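The block underneath contains the structure these notes are about, expressed in structure tokens.
The values are calculated or read from the model by the stated rules, or taken from the named source; none is laboratory data. Quick caveat, the model's predicted, so the values are computed rather than measured. Cβ coordinates were reconstructed from backbone atoms using ideal geometry, including for glycine residues, and neighbour counts include every protein chain displayed. What goes into the accessible areas is simple: the full protein's heavy atoms, side chains included, and nothing from ligands, DNA or RNA. Shrake-Rupley method; radii C 1.70, N 1.55, O 1.52, S 1.80 Å.
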Amino acid sequence: MSGADLIALIVVLAGVGLAFWFSVRQQTHTFREEMHRLRQETQSALTTQIAHVVQSFNQQLGEVRAALQQGISEAGQLASQAQQTVGQRLAEATQLLTTVGQQLGGLQEAGRELRSAARTLESVLSGARTRGSFGEVALEQLLSDILPRDRFALQFRFATGAVVDAVVRMADKLLPIDSKFPLDSYRRLLEAASPEANEQSRREFARAVRKHVDDIAEKYIVPSEGTLEVAFMFVASESVYYELLVTEDGSGSVAAYCRSKRVVPVSPNTLYAHLAVVLMGLRGLQVEENARRLLGSLAGLQADLGAFAEVHAKLGTHLRNAQQSYADAAPKLEKMERSLAALARGELPQPVSELAERSD
């Protein structure tokens, strides 16, 4: 390439570069103006958005402030009501605690009284004589509650000198009732700590009961003195009575032994039932006695009725005779009236004797 051509190429390239530079400069200016415009629009929109957000935030903040103030006011009211309620509940709780304390004091006092009564009862029942007295008192109370006073007697003495706790009078028979309380042997049975001790205590309990049964059968079943062929053994404790019914030993059942001796064991509850049956029997005997008396009265009334019938027959005979005499006297009276009438007229009447003969 020649020098002229190279210069021409350089000039062309310089012209193109200059044109390109002017074009780039123009575009840069235009871009700057567009960026400035966009910045202003963006700033204006951002300012509007910020103002709107601030306004909305202020409005919401006002609503929150109002709601918060209302909530604080309501919370104050609720706190006041809660304080009043808590105060009332505390007062009620204090009153309840006071009442409970008083009741606990009464319960403790009742417990002390109960323990004292238990110790007293234990001391009362610790001796055979006092246990016997306890049973006799319970027996007397039961008899008094259900039977008329003339139907039983306490501490009845037989001709042999034996004294039974009570007898019930059944017409011409006596039902003996004696109180027995084998508490010592029963207590040992309860306190037995081993099977061997329990078995030994049970044998002792059965032996004690059989001895009581033998005493009652021998002393108080006395038909020659008007007793029934049976007697009651009153056991004043229901638990002892139950143990008596279920106890068995090498000799068999204690209850069966009682039946063989014609001795009926009874507790306070069962004695009441037995006495109710006895009372029904006494009432039946009373009805039978009243029936016998009524039959006797009817027999006397029948005799009186026979005597009255005899008198009535005699009276009937006399009345029939009087009626016949009345009928016979009527014609005679009529003739006499006719004679009196003739005499009144001045006629001579016939003699009365002739009138009588003619009337005959």
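General remarks:
- Label sites at ALA327 and GLN77, each approximated as a point 7 angstrom past Cα along Cα to Cβ, lie 12.3 nm apart.
- Distance between the pseudo-spin-label points of ARG293 and HIS318 (7 Å out from Cα toward the beta carbon): 3.7 nm.
- Inter-label distance, nm, simple model (7 Å from Cα along the C-beta direction), GLU334/ARG203: 11.9 nm
- Per residue, the accessible area of the range 140-290 comes to 50 Å² when a 1.4 Å probe rolls over the protein heavy atoms.
- Extension gain for the segment ALA51 to ALA192, taken as residue separation times 0.36 nm less the Cα-Cα distance, is 40.8 nm to one decimal.
- Length added when fully stretched, LEU154-GLU92, from 0.36 nm per residue minus Cα-Cα: 16.4 nm
- Potential lengthening between VAL230 and GLN43 on full extension [0.36 nm per residue; Cα-Cα distance subtracted]: 54.6 nm
- Heavy-atom accessible surface of the range 133-273: percent carbon and sulfur, 1.4 Å: 51 percent
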